[in-house]
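Read through the structure below, which is laid out as structure tokens, and then see the notes.
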Amino acid sequence: MTDIYWGDSRLERVETGGDGELVHRDGEVFFKITNFHTMPAFFIAVVSSSDHWMFVSSTGGLTCGRKDHDNALFPYYTDDKIHDAGATTGPQTALLVAKDGKTQLWKPFSQDVNVYRVERNLYKNLSGTRLIFEELNHSLGLGYSYCWSNSEKFGFVKTSNLTNLGGTDVQVNVLDGLRNLLPYGVTSQIQTELSTLMDAYKQAEACRERTAVLFTLSSQLTDRAEPSEALRATVAWSMGLDNPRVLLSEDQVESFCAGLPVTSEANSHGKRSAFFLQSEFTLSPGGDKRWYMVADINQGPADVAALFQSIDDGISAPTLATDIEAGSMRLLQLVGGADGCQLSSDTLISGRHFSNTLFNIMRGGTFYDGYNIPLNDFLDFVGLWNKPLRTRFENLLGSKPGPHDLESLLALAEAEGDSDMERLVLEYLPLTFSRRHGDPSRPWNRFSIDIKNPDGSDKLYYQGNWRDIFQNWEALSVSYPGFAESFISKFVNASTADGYNPYRITKEGFEWEVLSADDPWSNIGYWGDHQVNYLLKLIETSCRYQPGKIEKYLGRDVFVYADVPYRLKDYRSMVNNPRDSVLYDDERADLVTARVERTGSDGKLLCLADGSIYKVNLMEKLLVTALSKLSNFVPGGGIWMNTQRPEWNDANNALAGFGLSMVTLCYLRRFLDSLEGLMEGFGAQEFVLSIEVIELFDAIEEVLENHAFMLEAGIAPKDRKAIMDELGLRGERYRESVYTGFSGNKGSLTKMRVLAFTGLVKTYLDHSIALNRREDGLFHAYN
């Protein structure tokens, strides 16, 4: 192998790397990746118990901020650009090392050619709150590392440490800093589209006696002829270096690297902001030097004054460490409440379980105080959903001494005979720590960490796409099985009369998509994916942990329908073009919007002609879910995906319209088993249901009974099409009736008849499952 030289020095190569192991460091366990720079660039999230977000590339590039992408400390880009940003954004360190009579330049983690024998390691603690980059320079006998962590009080903390690994004194001249810091008020859109103009508005002002810098905008970016003063700032400060010079730009970095002196900068205007410190010190053998750089966004005049007073009073490293540790402990409490902390003989498995639970509750939230219900938040929830009911509930609950928990509120609502109160108690979920998901690798998802009230207290809130959030709640229900019935209520009450679900679930209710001609990502359609199996899993959890509890709701009219302004086309139109099967009813949408303005979120619920919310029992909601799938049943094939959204996962996007789902069919089979078990535990012998649902039940039952004789001999293709047509036309007839509005009239079905129906359906489903099962146990579509 030929040696390559740079000047008089041979270039050093690292042949291997990427090995991982668990190590103890700084009093806790970290996962270490050796020589991570030999691997392709990868992405890392540093987590927090608060509203911090941080995404770091293994190249050193990063983005971070508070709450959402419009409140960034470093520019928010997609992950490919963050990998590239290692050369322009975030940490940069340069060291002039005087040793053995000569001075050498060392730039840790530089992407430049390397003339030293170095080892670069990456460490992340098991809770995900600390990330350490380490470079060991064996040629110079020095080790440098920096650690990213979060502080609720102070913001984002970079802790740097330089260690003398050799046997002689070393004189060090260090230039260390952060590049491309954003002043507060630069949104993601401005940074992406107007960054060069934005640079002209940037300004920085040093407060050298405090080793602090204010990064602000000279004014808000606007083209209007009016004053628009920027009154909030990004603030960065440091401690640990002796008498450092403060630099506010990258202008003198090259001069420093050339061995030239640098001078402090008091102000910077019209250029990208930076925060560099230059200092000199001597390290004895085995000695080290530690310093801190801290930055936070959205700091108003009072915040800045309070911070500067704290600096003047002498913020110490232990003070900073205490606040960081408090955040880590809070995170452990949140994850522990969802059963994420376990101890086993395999630390990696325990760590994996912790991270799985952590990311689960980061999406769907976790319960704030077990089963206790914070009364004020519950009343605010009621007022948000149904304004006229808040005063009534407040008067009722005000006369009942607390504390209140889920069971006591449910018992009170049932004793009062108040179906609205019972419904809202069931739907109320005191969740915290939830955030809308997304990250730089998924730019179509704009995340939001909305977990704090304006006064800084914990906000009880959640939001998420239907599939995502019920996936998270499925796991959370195992840790909090007493809320399983609440999750089920949330699920069925946000589903529609035609048997589907809208797009997103939030504390305020549910949302659906609206077409936008200018947005290529805009689409409408029912998100039917996972509908049967997610509901099934929640029902199974309820039955497993609280047997007999969910059955009582089969006959209680405390459930509702979502009034989503989508209209599935008639069956023939679906057959002709199954990828264009949904219409948006603008008139209905306007009507719902007007109701919401008058009433609150309950305005999105289906009403009768007299304006009252239409209420049904759980049995009806479960039957509608099953019957809607059966109206799209293709015997021997699966469940037809014809609502412009995939039935199973994103990989099925291309199949939506033409595809058949065996997954949904198999889960429907298991769903019917569960439904039969619930009926066995139900005391009454009949169910009172909407006339329209009974008519659909009768119609589908008739089709299946008329063709049942074909199952044994096998269903011919023309007969399969005939059955599919008959089921589809009966589904169309039902949809037409409920789109014009439920009559409010109800009839009854006996338990015996429903059980006979589920048995008949399972015969058909078993037939399809047998035809589609391959020799390897998987399934394929039968043609």
Kindly provide the set of residues from the stretch 94-115 that are open to solvent by less than 30 Å² (accessible area, probe 1.4 Å) and not in a strand (DSSP E or B), ordered by number.
-> Pro108, Ser110
How many residues are surrounded by 20 or more Cβ atoms within 10 Å (Cβ to Cβ) and either among the small types (Gly, Ala, Ser) or within 34 Å of the chain's Cα centre (by Cα) (or both) when one looks only at the stretch 157-175?
-> 4
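Given Met752, Met724, which one is among the aliphatic types (A, V, I, L, M), open to solvent by 70 Å² or more (accessible area, probe 1.4 Å), on the phi < 0 side of the Ramachandran plot and modelled with pLDDT of 95 or more?
Of the residues listed, the single one that is among the aliphatic types (A, V, I, L, M), open to solvent by 70 Å² or more (accessible area, probe 1.4 Å), on the phi < 0 side of the Ramachandran plot and modelled with pLDDT of 95 or more is Met752.
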Please work out if Leu696 is under 29 Å from Gly555 (Cα atoms), touching a Lys or Arg at 6+ places or on another chain (Cβ under 9 Å) and open to solvent by less than 30 Å² (accessible area, probe 1.4 Å).
-> yes
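Residue under question is Asp455, and the condition is that it be of a type outside the set (Ser, Thr, Tyr), more than 20 Å from Tyr561 (Cα to Cα), open to solvent by 10 Å² or more (accessible area, probe 1.4 Å) and assigned to a loop (DSSP other than H, G, I, E, B); does it hold?
When the stated conditions are applied, Asp455 passes them.
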Test: residue in the stretch 116-126 that is in contact with a Phe, Trp or Tyr (Cβ under 9 Å, 6 or more places away or on another chain), part of a loop (DSSP other than H, G, I, E, B) and more than 19 Å from Phe42 (Cα to Cα) | yes
Tell me, which helices (runs of 4 or more DSSP H) wholly within the stretch 619-726 include 1 or more residues that are in contact with a strand residue (DSSP E or B) (Cβ under 7 Å, 6 or more places away or on another chain), without any contact (Cβ under 8 Å) to a residue 40 or more places away in the chain and within 23 Å of Asn533 (Cβ to Cβ)?
-> none
Contacts under 8 angstrom Cβ, first residue in the stretch 385-402 being free of Cβ contacts under 8 Å to residues at least 40 places away in the same chain and over 22 Å from Glu508 (Cα atoms), partner open to solvent by 70 Å² or more (accessible area, probe 1.4 Å) and part of a helix (DSSP H, G or I), 6 or more apart = Leu396/Glu416
Report yes if some residue within the stretch 419-428 is at pLDDT 90 or above and outside any helix (DSSP H, G or I); otherwise report no.
-> yes
In the stretch 101-135, anything closer than 22 Å to Ser279 by Cβ and not aromatic (Phe, Trp, Tyr) is listed as Lys102, Thr103, Gln104, Leu105, Lys107, Pro108, Ser110, Ile132, Glu134, Glu135
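Looking at this structure, is Asp223 more than 24 Å from Arg66 (Cβ to Cβ), surrounded by fewer than 18 Cβ atoms within 10 Å (Cβ to Cβ) and of a type in the set (Asp, Glu)?
So Asp223 passes the test.
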Total residues in the stretch 231-261, condition surrounded by fewer than 17 Cβ atoms within 10 Å (Cβ to Cβ) and among the hydrophobic types (A, V, I, L, M, F, W, C) | 4
Identify the single condition in (1) at pLDDT below 95; (2) in a loop (DSSP other than H, G, I, E, B) that Leu241 does not satisfy, given that it satisfies every other one.
-> (1)
May I ask you to list the residues in the stretch 295-318 that are part of a helix (DSSP H, G or I) and hydroxyl-bearing (Ser, Thr, Tyr)?
-> Ser310
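Filter the stretch 116-156 down to residues that are closer than 30 Å to Leu358 by Cα and among the basic types (Lys, Arg) and give me whichever is least open to solvent (accessible area, probe 1.4 Å).
Going residue by residue through the stretch 116-156, those that are closer than 30 Å to Leu358 by Cα are 120-135, 145-156.
Of the ones still in play, those that are also among the basic types (Lys, Arg) are 120, 124, 130, 153.
Details: Arg120: 19, Lys124: 57, Arg130: 45, Lys153: 132 Å².
That would be Arg120.
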Failed condition for Thr78, given (1) over 21 Å from Leu277 (Cα atoms); (2) out of contact with any Pro (no Cβ under 7 Å at 6 or more places or on another chain); (3) among the hydroxyl-bearing types (Ser, Thr, Tyr) | (2)
Those residues that are closer than 23 Å to Leu22 by Cβ, in a loop (DSSP other than H, G, I, E, B) and either open to solvent by less than 50 Å² (accessible area, probe 1.4 Å) or without any contact (Cβ under 8 Å) to a residue 60 or more places away in the chain (or both), I need them from the stretch 320-370; list them, please.
-> Gly340, Cys341, Gln342, Leu343, Ser344, Ser345, Asp346
Counting only residues that are within 36 Å of the chain's Cα centre (by Cα) and open to solvent by 40 Å² or more (accessible area, probe 1.4 Å), the stretch 731-745 contains a total of 1
Hey, among the residues in the stretch 176-216 that are farther than 22 Å from Pro91 by Cα and assigned to a helix (DSSP H, G or I), which one's most open to solvent (accessible area, probe 1.4 Å)?
-> Glu209
Can you tell me which residues in the stretch 433-452 are more than 25 Å from Ala494 (Cβ to Cβ), of a type in the set (D, E, K, R) and not in a strand (DSSP E or B)?
-> Asp439
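The values are calculated or read from the model by the stated rules, or taken from the named source; none is laboratory data. What you are looking at is a predicted structure, and each value in this text was computed from that prediction instead of being measured. Backbone-built Cβ (ideal geometry, glycine too); neighbour counts: all protein chains shown. For accessibility, only protein heavy atoms count, side chains too; no ligands or nucleic acids. Shrake-Rupley method; radii C 1.70, N 1.55, O 1.52, S 1.80 Å.
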